Amino acid sequence: MLFLKVRLLDIDLLDLVLINPEDIKSSQYFPGDRVVLIYKNKEEIGTIYSSTLVNRGEIGITKELAKSLKVKEGELITIKHADKPRSLAYIKKKMDKNKLSKEEIFLIVDEMVNNKLTNIEISAFVTSLYINGMDMDEIEALTIRMAETGEMVEWESLVFDVHSIGGVPGNKYALLTVPIVASAGLKIPKTSSRAITSAAGTADVMEVLTRVDLSIEEIKNVVKETNGCLVWGGALNLAPADDITINVERPLGIDPKPLLLSSVMAKKLAMGVSKLLIDIPIGREVKVKDEKEGNKLAREFIELGERLNITTECALTYGNQPIGRAIGPALEAKEALETLEDPYKGANSLVDKATHLAGILLEMGGIAPAGEGKEVAEELLFRKAHDKFMDIIVAQGGKEVRSEEIEVGKYFIDIVSPKDGYVIELSNNKITKIAKEAGAPNDKKAGVYLNVKVGDKVEKGDLLFTIYSSSEDRLKNAIKLARTLYPIKVEGVLIKRIVRF
């Protein structure tokens, strides 16, 4: 064993452990060794790296690792060799393109959640799923175990949910869909994520208006009072293995199909959802590129739902440009409120998507006859949804608010059209990059507001979009990026003139 003094590192790699080369030389440890870090009654797994960034007698660990161990800088911790995880053999089995049994998958998930696997080993598992995939038996086992290793919620009656696989900027449909469905008498406890690669997750948008870090007991009370909620799933211990794999997927820039399916369905299974609608956006810059691919993914979600006893339907939706005009937490909250206050003033894409999805849920819940759900949803949007949304905001710990009270970034700039013509292209990816450069989602007041959409006619000098930020420096950086990326393409009717030689 070694006894070393903690030195905190500002590094993201959770299991990285730095030890001075001289300490390693005089020990039985080598770079790359798996070790157990022990502080009082807490244990965590780490991987040794040799580095002169730490002095002799010190051990460099990440702030996250220190938080998990509940140890402070300068305190002594013990390290010893760690046993080799049993699941490594099964990870290699999947790397070799073999099918895993239910028991083998359960063990991988268990050792992942119990911190017995390093980031490198988890990365190997995630990469093997990306390359080799899984069949539905394996995905079912993965989903069940991911759910079972966290908290499982039970309800006294049927509960509904809607989930988008994401990729479209400004996708604040849930702030309309949930109160529409709740106002019809169906229970819809919506758990959402914060932004991972986007400029705003649903939880980021909702947090502008009210609390989102509710406990399970608080969620049940809100749903009992209002029929619905919009909360952050990260505040709950639902499918903890999902958060672990996401932290590996993000830097690798991959989203393996088995994890896409299990990530969504494990959290719905853990949340006790009875009937689920999956929104699958289709477009050149989102996860699903065309209708054929969307149909295949939808069938997989529906089959997995059947295996888990969750009645599942899917909606393929247009994803080639942002939903509505606002991208960024405060801007999206403001746009959602404006639409609830007066749906006639809402962006067509936002109202259309929110009511289509709500309509499907109303039909699934027997509130609306088949084929008439959207019409019923539109009526509820005009008559009841705003008041129901205010009820939800208050029940979650906020207060009633009007759209004009929502503050956006005090620094802003208007970007205008360089010529006459038509908007022929609007890039989701580029708009998202600009909004993030301005500070979103961490700066909730930052983002982009679009004045045009594809097909609009513009003249030279007309406003295309506005960038907002709480930071003058951030805004300047976003302006530079916008002028480099050209996220909105304007062209005239005449593309090219060809003459005789």
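The values are calculated or read from the model by the stated rules, or taken from the named source; none is laboratory data. Note that the structure is predicted; figures quoted are calculated from it, not measured. Counting neighbours? That spans all protein chains shown, and the Cβs are built from the backbone with ideal geometry, glycine included. Side chains are part of the model used for accessible areas, which takes the heavy atoms of the whole protein and leaves out ligands, DNA and RNA. Shrake-Rupley method; radii C 1.70, N 1.55, O 1.52, S 1.80 Å.
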Practice item. Determine which single condition Leu450 fails, assuming it passes every other condition in (1) touching a helix residue (DSSP H, G or I) at 6+ places or on another chain (Cβ under 6 Å); (2) open to solvent by less than 10 Å² (accessible area, probe 1.4 Å). Key: (1)
Practice item. Kindly provide the set of residues from region 215-247 that are open to solvent by less than 10 Å² (accessible area, probe 1.4 Å) and closer than 24 Å to Ile105 by Cβ, ordered by number. Key: Leu238, Ala239, Ala241, Asp242, Thr245
Practice item. Working only within region 46-65, note down all residues that are open to solvent by less than 50 Å² (accessible area, probe 1.4 Å) and modelled with pLDDT under 90. Key: Gly46, Thr47, Thr62, Leu65
Point to revise | Near pairs, Cβ below 9 angstrom, 6+ apart or cross-chain, from region 282-306 (more than 28 Å from Leu269 (Cβ to Cβ)) to any residue that is open to solvent by 100 Å² or more (accessible area, probe 1.4 Å) and aromatic (Phe, Trp, Tyr) | key: Gly283/Tyr318
Review point. Does region 369-390 hold any residues that are open to solvent by less than 70 Å² (accessible area, probe 1.4 Å) and in contact (Cβ under 8 Å) with a residue 40 or more places away in the chain, and which are they?
Key: Val376, Ala377, Leu380, Leu381, Ala385, His386, Lys388, Phe389
**Study point:** region 10-43, residues that are open to solvent by less than 20 Å² (accessible area, probe 1.4 Å), in contact with a helix residue (DSSP H, G or I) (Cβ under 9 Å, 6 or more places away or on another chain), at pLDDT 85 or above and under 15 Å from Ala66 (Cβ atoms)
**Key:** Val17, Leu37
Review point. For region 96-110, does any single residue satisfy the condition of being in a loop (DSSP other than H, G, I, E, B), in contact with a strand residue (DSSP E or B) (Cβ under 6 Å, 6 or more places away or on another chain) and surrounded by fewer than 22 Cβ atoms within 10 Å (Cβ to Cβ)?
Key: no
Review point. If Gly74 satisfies every condition in (1) surrounded by 15 or more Cβ atoms within 10 Å (Cβ to Cβ); (2) in a loop (DSSP other than H, G, I, E, B) but one, which is the exception?
Key: (1)
Review point. Before we move on, is Thr197 at negative phi and open to solvent by 10 Å² or more (accessible area, probe 1.4 Å)?
Key: yes
Exercise for review: Working only within region 391-428, note down all residues that are open to solvent by 20 Å² or more (accessible area, probe 1.4 Å), over 30 Å from Arg483 (Cβ atoms) and in contact with a strand residue (DSSP E or B) (Cβ under 9 Å, 6 or more places away or on another chain).
Suggested key: Asp391, Ala395
